[in-house]
Amino acid sequence: MSLDQTLLLSDEVRTAKAEGRPIVALETTIVTHGMPYPENIETALAVERIVRAAGAVPATIAIMDGKIRVGLTAEELKHLASLKGVMKLSRADLAFALSTGRPGATTVAATMIAAHLAGIRVFATGGIGGVHRGAETSFDVSADLYELARTPVTVVCAGAKALLDIPKTLEVLETLGVPIVTAGQDQLPAFWSRESGLPSPLRLDDPAAIAAFVAKREEIGTTGGVLVANPVPLTDEIPASVMRGHIEAAIADAEREGVRAKAVTPFVLGRILELTGGKSLATNIALVKNNARLAAEIAVALR
Ligand code: PSU
């Protein structure tokens, strides 16, 4: 079987590619493992509308019936969200879901791989995976970081999820040669909060400048992706001082219950949702929408 039979672009995405229109890839782990129903579906559809309103074509990515699907209908997205046992796919198991026919949602790493295969250069998510707290003993480091090092896709996020060890995540990205560009401020944002207390390695203030940077990397043949950190809007943020206690409590619960590996992030996100009385979900939705807008603007400027 050739890649043509495995990689299935929707009519809209195929036409957009043929016409050279800007496209923004979107992931599905946030739908199946990151947010509860019905906010997960509502957010995924709202994000597609935002990408369109900014002049780009959305390409939501998932694995269904042994195919890499690039561009899903609302019905297909709802079907994926309703299925039990959807795999949370990364580089290691993407082809497993394809060869066995198991349904799979794509993480940042798997979405980057699929986007690159489909010739899509920009991708919007909420927060990337990174180095987990206690990684010095658990060795829990997300494959997202290594994907950023090797696959040439620009990933717009709101920083690394603040439940991670952000200084260690920054160190690994630096070692791997992944540029981190924060949009419009000096400090790296921390997902639910605008401030992490850490300076961003790079800063650019508008989509055109970010697109010029990405284009220059392509011109000189620098391999790998670009991480764009987009601070959550001020009106939607939960200050870092408030989040700190909730994150620590949620991680302590995960440890007590023996949650490991791929299950850690979904568990901690769910626990933080309870601890913040739903506010963390509202913030998560707001930051994903904000990232979709910036990603579309970068894609438009990159043409
Ligand atoms: N952004 C969100 N919520 C999420 C994710 C991103 O707002 O749940 C997903 C992404 O798919 C990312 C994954 O790749 O979380 C990271 O998981 P882990 O920490 O297990 O690598």
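Which of (1) hydrophobic (A, V, I, L, M, F, W, C); (2) more than 24 Å from Thr182 (Cα to Cα); (3) surrounded by fewer than 18 Cβ atoms within 10 Å (Cβ to Cβ) is the odd one out, the single condition Val268 does not satisfy? If we test Val268 against (1) hydrophobic (A, V, I, L, M, F, W, C); (2) more than 24 Å from Thr182 (Cα to Cα); (3) surrounded by fewer than 18 Cβ atoms within 10 Å (Cβ to Cβ), just (3) comes out false. Note down all Cβ pairs under 7 Å where the first residue falls in region 31-44 and is small (Gly, Ala, Ser), the second is more than 11 Å from the ligand (Cβ to nearest atom), and they're at least six residues apart or on different chains. Sorted first by the residue in region 31-44, then by its partner, the pairs are Ala44/Thr60; Ala44/Leu77.
For Val232, indicate whether it is assigned to a loop (DSSP other than H, G, I, E, B) and buried (at least 21 other Cβ atoms within 10 Å of the Cβ). The answer is yes for Val232. Sub-6 Å Cβ pairs linking a first residue in region 142-153 that is away from the ligand (no atom under 11 Å from the Cβ) to a second residue that is assigned to a helix (DSSP H, G or I) and small (Gly, Ala, Ser), at least 6 apart or interchain, are Val153/Ala115, ordered by first then second residue. Summed over region 256-298, the residues that are outside any loop (DSSP other than H, G, I, E, B), in contact with a helix residue (DSSP H, G or I) (Cβ under 9 Å, 6 or more places away or on another chain), of a type in the set (Lys, Arg) and over 22 Å from Ile210 (Cα atoms) give a count of 3. For region 150-162, indicate whether the set of residues that are touching an Asp or Glu at 6+ places or on another chain (Cβ under 8 Å), at pLDDT 95 or above, of a type in the set (S, T, N, Q) and on the phi < 0 side of the Ramachandran plot is non-empty. There is no residue in region 150-162 that is touching an Asp or Glu at 6+ places or on another chain (Cβ under 8 Å), at pLDDT 95 or above, of a type in the set (S, T, N, Q) and on the phi < 0 side of the Ramachandran plot.
Figure legend. Inter-residue proximity from region 106-127: first residues surrounded by fewer than 24 Cβ atoms within 10 Å (Cβ to Cβ), second residues modelled with pLDDT under 95 and hydrophobic (A, V, I, L, M, F, W, C), beta-carbon distance below 8 Å, spacing 6+ or different chains. Indicated pairs: Leu117/Leu3.
Inside region 117-136, residues that are more than 13 Å from the ligand (Cβ to nearest atom) and either closer than 16 Å to Ala16 by Cβ or under 9 Å from the mean Cα position of the chain (by Cα) (or both) make up a count of 6.
Counting only helices (runs of 4 or more DSSP H) wholly contained in region 1-96, the ones carrying 1 or more residues that are small (Gly, Ala, Ser) occupy 11-18, 39-53, 74-82.
The values are calculated or read from the model by the stated rules, or taken from the named source; none is laboratory data. Remember, it's a predicted structure, so these values are computed and weren't measured experimentally. Every residue, glycine among them, receives a Cβ derived from its backbone with ideal geometry; neighbour counts consider all protein chains shown.
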